[in-house]
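Structure, as structure tokens:
The values are calculated or read from the model by the stated rules, or taken from the named source; none is laboratory data. Given the structure is predicted, the values throughout are model-derived calculations rather than measurements. Cβ coordinates were reconstructed from backbone atoms using ideal geometry, including for glycine residues, and neighbour counts include every protein chain displayed.
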Amino acid sequence: MSATSAPQSAPASGPLAGLRVIELGVLIAGPFCGQLLGDLGAEVIKIEPPGQPDPLREWGAVRPDGHGLWFSIIGRNKKCATLDLRKEDGQQVLKALIAKADIIIENFRPGTMEKWGLGYDELKKINPGIIMVRVSGYGQTGPASHKAGYAAVGEAMGGLRYLIGEPDRLPARAGISLGDTLAAIYAALGALAALEHRRRTGCGQVVDSAIYEACLAVTESLVPDYQMGGFVRERTGSFLPKIAPSNIYRSKDGMLIIAANQDSVFKRLAEAMGRPELAADPRYATHGARGDNQRELDELINGWAGAFTTDELLARCEEHAVPSGKIYRAPDMLDDPHYKAREAITAVRHAALGEIMMPNVFPKFSETPGAVRWAAPEPGQDNSYVYGSLLGYSAADISRLEDNGVI
């Protein structure tokens, strides 16, 4: 994989090329939304207070030379400028940027932008077509909207956290910031829908993405299961009740996930096991029967799987067209030929750290593909572009703003 090393002036090629996004806020939910839009070609200008960069720049288990690797991804394809929105001059500068923007993203606590005189009602006076994407824990309205809300709390309130883990212990968490990224994805989806509305009407609007609602949105039939049948979903560990067989099974040297819960697929698994009679056994012949005898069936498959290596199991399952796969970690991803063929991981040149491997741009487009054009810049690296080239401020104006701590 050759490293991407395009300069920050490299033209965008994605489907959102020509759009300008102003990104405010810190950490994950707002910035990941900005990353998604930037990956698809939008010009994203990330704003950070002078001397107070996004804390995510320092997060992560590996920090070579003090650089957080996570930020090199979430800050990619962005231009970085410094601006103090708590100062009146900074607020005026942001308004000048809004006049030239299509979308603004913020993930402050609700009311913060209004306190600075930068609420949507003010911004739309400057640019009636502006789309304001607001990401928060609880949303912009309602009795909990004023509360501080991190992803962990949103995952709990939205029903996800209760469902993750083993039934005999406290709820677990996914090893990623799931609530933040879900809210960011919904925010990006909302921004694109708002762009289509603006194309038809010329009017912008507010996109209000709440972390707890983004989590709630992926809980399938959890609510009507209770409302209609009094059924409360519980933690079940590595499997879903009544969906069988679909679990992780131990091999001689590791583990494999096998998903054969459809009748025709289970028949093929039975053949792979050398036990074709299982597909006709009343205990396993139908989806419902397999669900009723799930634990017994899992034990039977585990007994078979334990006699083979993971690679041998994969070969048998693939020979019989049974969905299966290894449980991937980072080393597996970097070695996998399918990852390589689809360029799912790309190498990006970082000015301070050299070549960094990171997830590529998804989804893929046949005609207007997005791209990782550069890794995250340093704070304020693009001040001269933003305030000089874009806003047309003179060198004297920029020096005055710097001297006053505005930028």
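Computed quantities for the displayed model
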| read-out | value |
| --- | --- |
| Residue satisfying condition, being acidic (Asp, Glu) and either under 25 Å from residue 193 (Cβ atoms) or assigned to a loop (DSSP other than H, G, I, E, B) (or both), within set 89, 84 | 84 |
| From the options 291, 303, 204, residue that is of a type in the set (Gly, Ala, Ser) and exposed (fewer than 14 other Cβ atoms within 10 Å of the Cβ) | 303 |
| Filter result for residue 243 (assigned to a strand (DSSP E or B), surrounded by fewer than 20 Cβ atoms within 10 Å (Cβ to Cβ) and among the β-branched types (Val, Ile, Thr)) | no |
| Members of the range 177-209 that are part of a helix (DSSP H, G or I), under 12 Å from the mean Cα position of the chain (by Cα) and not aliphatic (A, V, I, L, M) | 179, 180, 181, 186 |
| In the range 261-288, residue surrounded by the most Cβ atoms within 10 Å (Cβ to Cβ) [restricted to those that are within 22 Å of residue 238 (Cα to Cα) and among the hydrophobic types (A, V, I, L, M, F, W, C)] | 269 |
| Residues of the range 147-164 satisfying the condition of being surrounded by fewer than 17 Cβ atoms within 10 Å (Cβ to Cβ) and either closer than 19 Å to residue 27 by Cα or in contact with a Gly (Cβ under 7 Å, 6 or more places away or on another chain) (or both) | 147, 148, 150, 152 |
| Helices (runs of 4 or more DSSP H) contained in the range 275-380 and holding at least 1 residues more than 30 Å from residue 263 (Cα to Cα) | 330-335, 337-341 |
| Residue satisfying condition, being out of contact with any Asp or Glu (no Cβ under 9 Å at 6 or more places or on another chain) and not in a helix (DSSP H, G or I), within set 218, 232 | 218 |
| Any chance residue 281 is without any contact (Cβ under 8 Å) to a residue 24 or more places away in the chain and either outside the structural domain of residue 165 (by TED's automatic domain parsing) or touching a Pro at 6+ places or on another chain (Cβ under 9 Å) (or both) | yes |
| Hits in the range 286-304 (condition: farther than 11 Å from residue 244 by Cα and either basic (Lys, Arg) or over 37 Å from the mean Cα position of the chain (by Cα) (or both)) | 300, 303, 304 |
| Criterion (surrounded by fewer than 16 Cβ atoms within 10 Å (Cβ to Cβ), at pLDDT 95 or above and either aromatic (Phe, Trp, Tyr) or over 30 Å from residue 46 (Cα atoms) (or both)) met by exactly one of 395, 321 | 321 |
| Residue that is within 26 Å of the chain's Cα centre (by Cα) and more than 30 Å from residue 241 (Cα to Cα), where the choices are 364, 326 | 364 |
| Near pairs, Cβ below 9 angstrom, 6+ apart or cross-chain, from the range 79-95 (touching a residue at least 60 places away in the same chain (Cβ under 8 Å)) to any residue that is among the aromatic types (Phe, Trp, Tyr) and in a helix (DSSP H, G or I) | 79/385; 81/385; 81/387; 83/387; 93/387 |
